[in-house]
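These notes concern the structure reproduced below.
The values are calculated or read from the model by the stated rules, or taken from the named source; none is laboratory data. Please read these numbers as outputs of a predicted model, since none were measured by experiment. For neighbour counting, all protein chains shown are included, and Cβ atoms are generated from backbone atoms with ideal geometry for every residue, glycine included.
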Amino acid sequence: MRLRFALVPATVVALAASGCGGATKNNDTTGKFTGQQKVIAQTVEDLQTATEKSNETKICGSLITTQLQQQIAAKAGAKGCAAAVNSAIKNSDQADLTVKSVTIDPSDPAKATAVVNEKTDKNKSRTVTLQFAKQGTSWRISSLS
């Protein structure tokens, strides 16, 4: 999956980001998951699609937790979450992200972790861990480490 990625301290505005433009390649990695794990992996796919379309409203409104929206908005000042995500999309590098694993917390089934491999256009790679929280009936990104 090609996703645009940029870290902003204590946020995941992050996953939302890249302004490099150009064609992207979407290698759907949700097929190897089932049940709630697949739903979580699909959230990463949905983030990619929203990023490619510069749909910061969807990212802030339905893909990240309310708490993370507030953290992003606080860091962005008067600009708010959508403006901060839009800026991150315009000012970051492209990366291919592959969801490697999804684990639902056995002690709290409303929390989960996804391990994602990030490979940049410069052929550097690293592992990123996304935290998810169930908010209503959907899984949303709550943090990145």
Point to revise | Considering residues of the range 63-98 that are under 13 Å from the mean Cα position of the chain (by Cα), among the β-branched types (Val, Ile, Thr) and modelled with pLDDT of 85 or more only, the residue surrounded by the fewest Cβ atoms within 10 Å (Cβ to Cβ) | key: Thr65
Check your understanding: Can we say Asp121 is surrounded by 16 or more Cβ atoms within 10 Å (Cβ to Cβ) and either at pLDDT 85 or above or touching a strand residue (DSSP E or B) at 6+ places or on another chain (Cβ under 7 Å) (or both)?
Key -> no
Check your understanding: (1) under 14 Å from the mean Cα position of the chain (by Cα); (2) surrounded by 15 or more Cβ atoms within 10 Å (Cβ to Cβ): which one isn't true of Thr57, the others all being true?
Key -> (2)
Exercise for review: For the range 99-137, enumerate the residues that are within 14 Å of the chain's Cα centre (by Cα) and within 15 Å of Thr65 (Cβ to Cβ).
Suggested key: Ala112, Thr113, Ala114, Leu130, Gln131, Phe132, Ala133
Point to revise | Conditions (1) part of a helix (DSSP H, G or I); (2) at pLDDT 80 or above; number of the one not met by Ser54 | key: (1)
Practice item. Filter the range 10-51 down to residues that are at pLDDT 80 or above and of a type in the set (Gly, Ala, Ser), then give me how many there are. Key: 4
